[in-house]
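Step one of this worksheet: look at the structure below.
The values are calculated or read from the model by the stated rules, or taken from the named source; none is laboratory data. Only a predicted model underlies this, so the values are computations on that prediction, with no experimental measurement involved. Cβ placement follows ideal geometry from the backbone for every residue including glycine, while neighbour counts extend to all protein chains displayed. Side chains included, ligands, DNA and RNA excluded: accessible areas come from the protein's heavy atoms. Shrake-Rupley method; radii C 1.70, N 1.55, O 1.52, S 1.80 Å.
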Amino acid sequence: MKLKPNNAADAKENSTKNMTRRQFMGAIGHTASGMAVAGGLVMVYKFLYPNVLLEIPSRFKIASINSLQPGSHVFEPEHRVFAFHDTRGYFFALSAVCTHLGCTVAWKSEGITGHKEGIFLCPCHGSEFTKEGDVIRGPARRHLDRYHMAVDEGQLIVDTSETVNTIEDMILKV
Amino acid sequence: MQSKPWRSVFRTALPIKTNLDRSLVMFNSLALHIQPVKVRERAIRFSYTFYLGMISFFLFMVLVVTGILLMLYYQPAIPNAYENMKDLQYVVSSGIFLRNLHRWAAHLMVISVFLHMLRVFFAGAYRPPREFNWVIGVLLLLLTLLLSYTGYLLPYDQLAYWAVTVGSNIVKYVPIIGKNIRFVLLGGNTIGEYTLVRFYVLHCVVLPLFITSLIALHFWRIRKDGGLY
């Protein structure tokens, strides 16, 4: 590529040494315009970010302790949460949102080879999870979100905004 | 024909005799000047371009017309959206015809834009001086896909809801800012009222404005880069 005559570079060099009035006013004008545009972009971004959401509360009652018998489970479709009462006597709650792309996993109580206690199967892309939410088969790479349930007046309470990482933290012994 | 009002609209003097007159007819008309004054004969043979670009543009015009008509019976709200879509199918005269026309034209446009891209690629029509028009073409393909994607949510049925759930979760995999993009796109953490309105505005206003501007630039550049190749 042929280089252009170096007028532009010369002009720039001169301008740093000896700025004309026109260049000075131009620089002020461009800076002001740039700041106005940047401010406008920030405002638009903030505008697009809703401050009030019309979403359901994250904390809710999923079941009463007495109604959830050992070996049974409930599914709350609004929040997409499963709550289990394990035959070994403890409770736990898991998100039904597949960690791959967000479809709702289904509980398959018949299980598969090696996981007779039942598995979660995602209908969209076939991810499989153990009863405790660990990945058996991808494409999902992360375990299902685990919640620590609280007990309030005989009701099992889940807060979907608070997840726990380990199975031990998830388990609720009553 | 030579009256003053006529001459104020159509500048070219009649009768047309010379080649200069013929070229002036093209030059002096907004609609006709999209066509070049001269074309090589082989360039307008069907087997040369398969008219894929023009077919894409024609489908886009079908989508604009049917889309504007569908907008008259559609409210982007829950549960109105789904009910409006069902009303279009069963209550509104020719509603199902327009809806299907819109849907089929959208599918066909994706196909024809893609085939157009293949044609340009295999003809080598992306080479200089047409490199930038290839870039615009890629953006047009992207906009076509985004228009299809945003239109997908509007019926607000199970298919729409889960397709957009999956699609917006793909956005979440963008490094660092993925979760923010998804939040702004959906107007929340899950698909809801705000999402429907946002997708509606994108589908009916923002993306059509972008694609119309780029189509104009694309056509203009065909001429400036030396015509059909």
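Summary of computed values
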| read-out | value |
| --- | --- |
| Members of the stretch A:80-106 found to be at pLDDT below 90, out of contact with any Leu (no Cβ under 9 Å at 6 or more places or on another chain) and not small (G, A, S), listed by number | A:D86, A:T87, A:R88 |
| Search result, residues across the stretch B:34-58 that are surrounded by 14 or more Cβ atoms within 10 Å (Cβ to Cβ) and either touching a Ser or Thr at 6+ places or on another chain (Cβ under 6 Å) or modelled with pLDDT under 85 (or both) | B:P36, B:V37, B:L52, B:I55, B:S56 |
| All positions within the stretch A:139-166 that are touching a residue at least 24 places away in the same chain (Cβ under 8 Å), closer than 26 Å to B:T190 by Cα and aliphatic (A, V, I, L, M) | A:A140, A:L144, A:M149, A:L156, A:I157, A:V158 |
| Some residue of the stretch B:200-217 being open to solvent by 30 Å² or more (accessible area, probe 1.4 Å), within 14 Å of chain A (Cβ to nearest Cβ), out of contact with any Lys or Arg (no Cβ under 6 Å at 6 or more places or on another chain) and under 20 Å from A:L101 (Cβ atoms) | no |
| Number of the exception - B:L139 against (1) under 20 Å from A:G102 (Cα atoms); (2) within 13 Å of the chain's Cα centre (by Cα) | (1) |
| Subset of the stretch B:161-194 [open to solvent by 20 Å² or more (accessible area, probe 1.4 Å), within 18 Å of B:L145 (Cβ to Cβ) and facing chain A (nearest Cβ under 7 Å)] | B:V166, B:I170 |
| Residue in the stretch B:127-146 that is among the β-branched types (V, I, T), more than 18 Å from B:I215 (Cβ to Cβ) and either part of a helix (DSSP H, G or I) or more than 14 Å from chain A (Cβ to nearest Cβ) (or both) present | no |
| Selection count where residues are more than 9 Å from the chain's Cα centre (by Cα) and either surrounded by 17 or more Cβ atoms within 10 Å (Cβ to Cβ) or touching a residue at least 12 places away in the same chain (Cβ under 8 Å) (or both), scope the stretch B:63-73 | 6 |
